[in-house]
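Taking it in order: structure first as structure tokens, then the write-up.
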Amino acid sequence: MPFALIVDEKTRLTKPVFICDHCCKEIKDAFDGNYEWDDPQQGNLIVNVVFLHKGCVRPYDKTHHQPRFNMGIHNLMVYLLNNLDLGPKRLKEAYKNTQKLTELTS
Ligand SMILES: [Zn+2]
């Protein structure tokens, strides 16, 4: 469950988060997280992704199949924004329209 929503018990507001596949804790800093993936299996071009704190990469990879590729979550976000056509101008507009953002960050 690498991408999830956390619900605040008090406010019932939700926030999207990445959960580390090794320690099961929230990855709070994009520069402290990696994502890993393998080559696609034959005939399937969609691959599963694993999210890990940088400090959890080695212990995870020791006990699991070591994926062939990895990259920082900060890079993932740039690729994702680009693939969703959210360049700086549209991102700024979306940011303005996102309500209660400060309540969701902690
Ligand atoms: Zn972790």
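The values are calculated or read from the model by the stated rules, or taken from the named source; none is laboratory data. Predicted model, so just to flag it, every value in this text is computed and none were measured. Neighbour counts run over all protein chains shown; Cβ positions are idealised from the backbone, glycine included.
Exactly one of these conditions fails for Gln66: (1) surrounded by 12 or more Cβ atoms within 10 Å (Cβ to Cβ); (2) part of a helix (DSSP H, G or I); (3) of a type in the set (S, T, N, Q). Give me its number.
Evaluating Gln66 over (1) surrounded by 12 or more Cβ atoms within 10 Å (Cβ to Cβ); (2) part of a helix (DSSP H, G or I); (3) of a type in the set (S, T, N, Q) leaves (2) as the failure.
Kindly indicate whether Cys24 is within 14 Å of the ligand (Cβ to nearest atom) and assigned to a helix (DSSP H, G or I).
Taking the combined requirement at face value, the residue does not satisfy it.
So, in region 47-74, exactly how many residues are within 12 Å of the ligand (Cβ to nearest atom) and among the aromatic types (Phe, Trp, Tyr)?
Total meeting the criteria: 2.
I need the full set of residues from region 5-21 which are assigned to a strand (DSSP E or B) and surrounded by 13 or more Cβ atoms within 10 Å (Cβ to Cβ), in order please.
Matches in region 5-21: Ile6, Lys15, Val17, Phe18, Ile19.
Would you be able to say whether some residue in region 34-51 is part of a helix (DSSP H, G or I) and within 30 Å of Thr98 (Cα to Cα)? Break it down stepwise before answering.
So in region 34-51, the residues part of a helix (DSSP H, G or I) come out as none.
No: region 34-51 contains no residue that is part of a helix (DSSP H, G or I) and within 30 Å of Thr98 (Cα to Cα).
Residue-by-condition table, conditions (1) under 30 Å from Glu9 (Cα atoms); (2) among the β-branched types (Val, Ile, Thr); (3) modelled with pLDDT of 90 or more:
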{"site": "Asp29", "(1), (2), (3)": "yes, no, yes"}
{"site": "Asn44", "(1), (2), (3)": "no, no, no"}
{"site": "Pro59", "(1), (2), (3)": "no, no, yes"}
{"site": "His64", "(1), (2), (3)": "no, no, no"}
{"site": "His74", "(1), (2), (3)": "yes, no, yes"}
{"site": "Leu80", "(1), (2), (3)": "yes, no, yes"}
{"site": "Ala94", "(1), (2), (3)": "yes, no, no"}
{"site": "Asn97", "(1), (2), (3)": "yes, no, no"}
{"site": "Leu104", "(1), (2), (3)": "yes, no, no"}
